[in-house]
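Participant: Input: one structure, supplied below.
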Amino acid sequence: MDSSRKQDRNSADTRDPGPQESDERQAKSKQRRQPRRITPAYLERAALFYLERYVTSEANLRRVLRRKVKRSLEVHGGDQDEAERWIEELIVRLRRNGFLDDAAYAQGLARSLHRRGKSARAIEGKLREKGVEAGLIEDALEDLEAEKPNSEFRAAVAFARRRRLGPFREESRREERRERDLAALGRQGFSYALARCIVEAEDVATLEEMLAADPQA
């Protein structure tokens, strides 16, 4: 008797919802996903929430906020120009209060990408993608070179080590993988001459000696 009741309850719990119930669920789900109406206060909360989680550039934050505005206006309507003015006023205020600093952002991202073995060209491309001004990108790359002389060579070695290219792979497979290893370094933005220097190094110890012997070479 108890088993039959349990089966009945399970059947009731897993039954297919009727048309009306499905419509109600869809309406509630749509309501939950509906964007909020844009106001200056909402944009500020959204910006601060984003900045709590990510270090970003002015241009990238502007893109994030514009996406929110676009979704809100599609649902609630409103004045696009007014919303754009709110965003620009907010960006200025965040910059003034130290929440946005494109120069520091560019320097930090350049260092991070360099540690991961990214070339100067790849770093420049990433910073451009984030909307950093050309002058700040140039400054960040110059600062990186000043902090870590011969940074391009060091980045190439770091990338080769991480991907096990050239002398970092098994000796028996080096020759057959030579062209692929060169191509991998090329795709990262390293010059062909530098790629050859890495891939054709006799062994890892040779690369380490080159790094240690003359940091300006």
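Participant: Sort out which residues of segment 83-119 are surrounded by fewer than 20 Cβ atoms within 10 Å (Cβ to Cβ), of a type in the set (Gly, Ala, Ser) and part of a helix (DSSP H, G or I), and write them in order of number.
Facilitator: Across segment 83-119, the qualifying residues are 103, 104, 108, 112.
Participant: So which residues in segment 126-137 are crowded, with 16+ Cβ neighbours inside 10 Å and either among the acidic types (Asp, Glu) or touching a Leu at 6+ places or on another chain (Cβ under 7 Å) (or both), if there are any at all?
Facilitator: Those that are crowded, with 16+ Cβ neighbours inside 10 Å and either among the acidic types (Asp, Glu) or touching a Leu at 6+ places or on another chain (Cβ under 7 Å) (or both): 126, 127, 133, 137.
Participant: On the given criteria, is residue 201 part of a helix (DSSP H, G or I) and out of contact with any strand residue (DSSP E or B) (no Cβ under 9 Å at 6 or more places or on another chain)? Write out each step before concluding.
Facilitator: Numbers: part of a helix (DSSP H, G or I): no; out of contact with any strand residue (DSSP E or B) (no Cβ under 9 Å at 6 or more places or on another chain): yes.
No; evaluated as a whole, the condition is false for this residue.
Participant: Please find, within segment 166-198, the residue that is nearest to residue 120 (Cα to Cα) out of those that are part of a helix (DSSP H, G or I) and basic (Lys, Arg).
Facilitator: First pass over segment 166-198, keeping only residues part of a helix (DSSP H, G or I): 166-168, 171-173, 178-187, 192-198.
Filter again for basic (Lys, Arg), leaving 173, 178, 180, 187, 196.
Details: 173: 29, 178: 23, 180: 21, 187: 12, 196: 17 Å.
Among those that are part of a helix (DSSP H, G or I) and basic (Lys, Arg), it is 187.
Participant: Given the conditions (1) within 20 Å of residue 127 (Cα to Cα); (2) surrounded by 12 or more Cβ atoms within 10 Å (Cβ to Cβ), report the number of the one that residue 53 does not fulfil.
Facilitator: Condition not satisfied by residue 53: (2).
Participant: Residue check, residue 113 against (1) touching a residue at least 24 places away in the same chain (Cβ under 8 Å); (2) closer than 19 Å to residue 194 by Cα; (3) not β-branched (Val, Ile, Thr), all met but one. Which one?
Facilitator: (1)
Participant: Separate question: Inspect segment 95-103 for any residue being more than 30 Å from residue 184 (Cβ to Cβ), more than 22 Å from the chain's Cα centre (by Cα) and free of Cβ contacts under 8 Å to residues at least 12 places away in the same chain and give the result as yes or no. Reasoning before the result, please.
Facilitator: The first filter runs over segment 95-103 and keeps only residues more than 30 Å from residue 184 (Cβ to Cβ), leaving 95-103.
With the extra rule that they be more than 22 Å from the chain's Cα centre (by Cα), the set shrinks to 96-97.
From the residues that got through so far, the ones that are free of Cβ contacts under 8 Å to residues at least 12 places away in the same chain too are 96-97.
The answer is yes, given that some residue of segment 95-103 is more than 30 Å from residue 184 (Cβ to Cβ), more than 22 Å from the chain's Cα centre (by Cα) and free of Cβ contacts under 8 Å to residues at least 12 places away in the same chain.
Participant: Determine the pairs where a residue that is more than 12 Å from residue 159 (Cβ to Cβ), located within segment 175-200, has a partner that is assigned to a loop (DSSP other than H, G, I, E, B) with Cβ atoms under 7 Å apart, the partner being 6 or more residues away or on another chain.
Facilitator: Going by the 7 Å Cβ cut-off, the qualifying pairs are 177/169.
Participant: Specify which of the listed residues (156, 140) is in the same structural domain as residue 185 (by TED's automatic domain parsing), surrounded by 21 or more Cβ atoms within 10 Å (Cβ to Cβ), part of a helix (DSSP H, G or I) and not acidic (Asp, Glu).
Facilitator: Working: 140 fails: in the same structural domain as residue 185 (by TED's automatic domain parsing).
Among 156, 140, only 156 is in the same structural domain as residue 185 (by TED's automatic domain parsing), surrounded by 21 or more Cβ atoms within 10 Å (Cβ to Cβ), part of a helix (DSSP H, G or I) and not acidic (Asp, Glu).
The values are calculated or read from the model by the stated rules, or taken from the named source; none is laboratory data. The structure displayed is predicted, hence computed values, not measured ones. Because the Cβ atoms are built from the backbone with ideal geometry, glycine has one as well, and the counts that use them run over all protein chains shown.
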